[in-house]
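Engineer: My questions all concern the structure below.
The values are calculated or read from the model by the stated rules, or taken from the named source; none is laboratory data. It should be emphasised that the depicted structure is a prediction, and the values quoted were computed from it without experimental measurement. Note that each Cβ is placed from the backbone with ideal geometry, even for glycine, and that neighbours are counted across all protein chains shown. Note: areas computed on protein heavy atoms with side chains; ligands, DNA, RNA excluded. Shrake-Rupley method; radii C 1.70, N 1.55, O 1.52, S 1.80 Å.
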Amino acid sequence: MTPILLGATVALLCATMIGSLATAVGFPLPPNQRRIGCIDGLRGYLALFVLVHHFIIWVQIVRLHGAWAALTANLLNNLGAGGVALFFMTTGLVFYPRVLAGFGATSWVATYTTRAFRLIPLLAFSVLLLSLVIALRTGNRPNLHYVADFLQWISCRATPPLLGYADSGRLDAYVLWSLNYEWMFYLFVLPACALMIDATRGRGPTWALPVALLVLSLAARPLFPAWGLSRYLPLFIVGMLAYEAQRTEAIRRLLSARWMAIPAGLCLLVGLVSAPTPYEIPHLALIGLFFASVACGNGFGGALRTKGARALGECSYGIYLLHGIALNVLFTEGSSFTDRFSTSQIFALLPVVAAGVTCVTLLTYVLIERPLIRAGGRIAKLATKRSMRIDSPQIELAP
């Protein structure tokens, strides 16, 4: 465990330093007034936690002859499961203003246009990149089925074999499953909640809706155990409650206090080490308290306020999408290199991988994500024939 934690810590420090250097040479950071609390500073670290999680799984496969499966140590497994859980909370947080505005007051054309331009371009780039890896690895070339397979990938509904390559999903570490649930939230949960807030407006506090939804969604789990959304919907709702917390002055002051970083950090730690996943009620509450503290502006000793952390937040989507390809190439084409390291020594490569992925995704953010985010905003503005009023950072935020 010690080599893993040491390698992961150095990896996060290296990535933060690279992000800080990037801002020094002009990497764009959005103004703080368009952000909620310290969520930006958290997002990049969540993506890096997922990278560390998948690095460990690769070591489990190539060194311990294991399978691509959950890790037995709760903390290590929750670097992936917990990281994605906090991403889902982030989505609920930043889209909750759409719920509060109500169904009729929200431009759904603008919402879905900007979401498409936010998520799909880099996703398409990642699929083309892993297709290139497959082509170089096998010599296979695109055929008539490739376009249909490609479209299934970028829809996040399925990951059929690309170019005839079996188990193509392993090339990106199977990360697209979470984007499928993100789209389910955008397309179904978000407008449904907006309709419900319209129906109940003026009949009670706004926080009553997410509380009621949280209770109902948790109660529905035993009834629909095979339905994935029943497992993940409470995470989105916790994010909504975090928004309610940060706009309530007394709660915001409490959770953003410097001393609160210690109990909130301990809640996160206990939530991650006490169960293999953070989906059950006690662990959901513990991790939710930590998340609400971040949403209220707790910088955890300033760690989440640094320019390096905020830069990582901007390229977190790229880290999430592209790290799996880097790891696959490292442990496959690069096996002759990685074989030189013992099982404990190999975690010294974690900072190298994190640094490389960070450098690449800082570039993809500037060259692909940011221009198309802006293009999506302009198109949405034309489509709705009005200026878009964005009260939350959802245009620039990604899972």
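Engineer: Please report, in whole Å, how far the alpha carbons of the stretch 7-90 spread along each principal axis, starting with the longest.
Structural biologist: Extents along the principal axes, in whole Å: 47, 28, 16.
Engineer: Here's a follow-up. Relative to the longest principal axis of the chain, what angle (0 to 90°, nearest 10) does the C-alpha long axis of helix 316-331 take?
Structural biologist: 20
Engineer: List the extent of the Cα atoms of the stretch 194-241 along each of their three principal axes, largest first, rounded to whole Å.
Structural biologist: Per principal axis, max minus min of the Cα coordinates gives 36, 19, 15 Å.
Engineer: Would you work out which of GLN345, GLY301, TRP207 lies farthest towards the positive end of the dipole of the chain, given +1 charges on the beta-carbon of Lys and Arg and -1 on that of Asp and Glu, about the Cα centre?
Structural biologist: TRP207
Engineer: Taking N as the number of residues in the stretch 164-253, what value does Rg over Cα atoms divided by 2.2 N^0.38 Å take?
Structural biologist: Values: Rg = 16.7 Å, N = 90, 2.2 N^0.38 = 12.2 Å.
So the Cα radius of gyration is 1.38 times the expected 2.2 N^0.38 Å.
Engineer: Same structure again: Sum -39500 (n - 2.57) across every DSSP H segment of at least 4 residues in the chain, then divide by the residue count to get the 222 nm mean residue ellipticity, nearest 500.
Structural biologist: -21500 deg cm²/dmol
Engineer: Now for a different question. What figure, in Å² to the nearest 10, do you get for the accessible area of HIS283 with a 1.4 Å probe and non-protein molecules left out?
Structural biologist: Per-residue accessible area (HIS283): approximately 30 Å².
Engineer: Shifting gears a bit: State in Å² the accessible area per residue of the chain; use a 1.4 Å probe, count heavy atoms of protein chains only, and round to the nearest integer.
Structural biologist: Working: 17090 Å² over 399 residues.
With the other protein chains kept in place, the chain gives 43 Å² per residue.
Engineer: Now a separate question. In whole Å, largest first, what are the principal axis extents of the Cα atoms in the stretch 39-129?
Structural biologist: The Cα atoms of the stretch 39-129 stretch 55, 31, 22 Å along their principal axes.
Engineer: Order of 56-64, 295-303, 87-95, 313-321 by packing, highest average Cβ count within 10 Å first?
Structural biologist: On the way: 56-64: 17.7, 295-303: 19.6, 87-95: 25.7, 313-321: 27.7.
Sorting 56-64, 295-303, 87-95, 313-321 by mean packing, highest first, produces 313-321, 87-95, 295-303, 56-64.
Engineer: If you don't mind, there's one more thing I want to ask. Round to a whole number: what % of the accessible area of the chain belongs to carbon and sulfur, probe 1.4 Å?
Structural biologist: Numbers: 11560 of 17090 Å².
Looking at the chain in its full context, I get 68 percent from C and S.
Engineer: I've got another one for you. Could you work out Rg/(2.2 N^0.38 Å) for the chain, with Rg from alpha carbons only?
Structural biologist: Details: Rg = 20.7 Å, N = 399, 2.2 N^0.38 = 21.4 Å.
Relative to the 2.2 N^0.38 Å estimate, the chain comes out at 0.97.
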